[in-house]
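Below you'll find the structure I mean.
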Amino acid sequence: MIVSEIFYSLQGEGFLTGVPSVFIRLAGCPLRCKWCDTKYALDAKAGRDFSVEEIIKTIKKWPSRFVVITGGEPMVNLELGGLTAQLKKIGKHITIETAGIKFIANLDCDLMSISPKLGNAKMADGVSALNVAVLNELTANYKYQLKFVIDFEDDLAEIKQLLDKIKNIDLDLVMLMPQAATRDELLEKSEMVAELCRQSGFVFCQRLQILLWDGRRNI
Ligand code: SF4
């Protein structure tokens, strides 16, 4: 599989924020979000070919039990199941970070971290990044969290409309995070997002990687 990068850092977002984790970034994503912070990994060939064995050997040099498979969009990778099976075999806690655009059954996955892309991601005309059927399958079959990027106050209404369409959603697992590429932008938008969390009851999602390292990579 084509791997963009493997590195060791702290999980920056979601309910596992702050947990030291090994990140495996797979190359390739069919979406093109305006504010994507991993554009270098969007092309399916943007990396080096690794075997599953090579990935396992690489991650063993770090002490963490927590592994995050990210992208790009890992759920479009046909070899994902082979990788998660091997990770589970060596006792890893596995998070898969996805935009929620594709469902794969029976993956070894401890946390499906789903970040559906709203209108603020500004895809090209006619391209929708939302697939309600896939979101229903993911939330019904995996332990999950739902993280939404907030750029404007109005985004909350779009989130509520979407959540109304997903069956049996656990609203305690919904998180809102500020759209930001830099520490200044994060701090600037955090108060607005915090207020939306107070209004809605959704959880404020920190973006620790931006707060600590201000957009620098792999620290
Ligand atoms: S889904 Fe994620 S990786 Fe793909 S373009 Fe959007 S932000 Fe970037």
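The values are calculated or read from the model by the stated rules, or taken from the named source; none is laboratory data. Everything quoted here is computed from the prediction, not taken from an experiment. Here the Cβ is made from the backbone with ideal geometry for all residues, glycine too, and neighbour counts use every protein chain on show.
Exactly one condition in (1) at pLDDT 95 or above; (2) under 17 Å from the mean Cα position of the chain (by Cα); (3) within 16 Å of the ligand (Cβ to nearest atom) is not met by L130; state its number.
Of the numbered conditions (1) at pLDDT 95 or above; (2) under 17 Å from the mean Cα position of the chain (by Cα); (3) within 16 Å of the ligand (Cβ to nearest atom), the odd one out for L130 is (1).
Could you tell me how many of the residues in the stretch 105-116 are touching a residue at least 40 places away in the same chain (Cβ under 8 Å) and within 12 Å of the ligand (Cβ to nearest atom)?
Residues in the stretch 105-116 being touching a residue at least 40 places away in the same chain (Cβ under 8 Å) and within 12 Å of the ligand (Cβ to nearest atom): 2 in total.
Still on this model: Restricting to the stretch 133-162, and then to whatever is within 21 Å of R207 (Cβ to Cβ) and aromatic (F, W, Y), can you tell me which residue is nearest to the ligand (Cβ to nearest atom)?
Across the stretch 133-162, the extreme among qualifying residues is F148.
Please state which of the following conditions I24 fails to meet, knowing it meets all the rest: (1) under 20 Å from C205 (Cβ atoms); (2) buried (at least 19 other Cβ atoms within 10 Å of the Cβ); (3) within 16 Å of the ligand (Cβ to nearest atom).
(1)
Hey, another quick one. Going by the structure shown, is K102 within 14 Å of the chain's Cα centre (by Cα), modelled with pLDDT of 95 or more, within 16 Å of the ligand (Cβ to nearest atom) and surrounded by fewer than 19 Cβ atoms within 10 Å (Cβ to Cβ)?
yes
Just checking, how many residues over the stretch 200-219 are in contact with a Lys or Arg (Cβ under 8 Å, 6 or more places away or on another chain) and assigned to a helix (DSSP H, G or I)?
Looking only at that region, the number is 3.
Could I ask something else about it? Which residue, of G81, G91, G18, is more than 16 Å from the ligand (Cβ to nearest atom) and either in a helix (DSSP H, G or I) or of a type in the set (D, E, K, R) (or both)?
Details: G91 fails: either in a helix (DSSP H, G or I) or of a type in the set (D, E, K, R) (or both); G18 fails: either in a helix (DSSP H, G or I) or of a type in the set (D, E, K, R) (or both).
Within the list G81, G91, G18, the selection yields G81.
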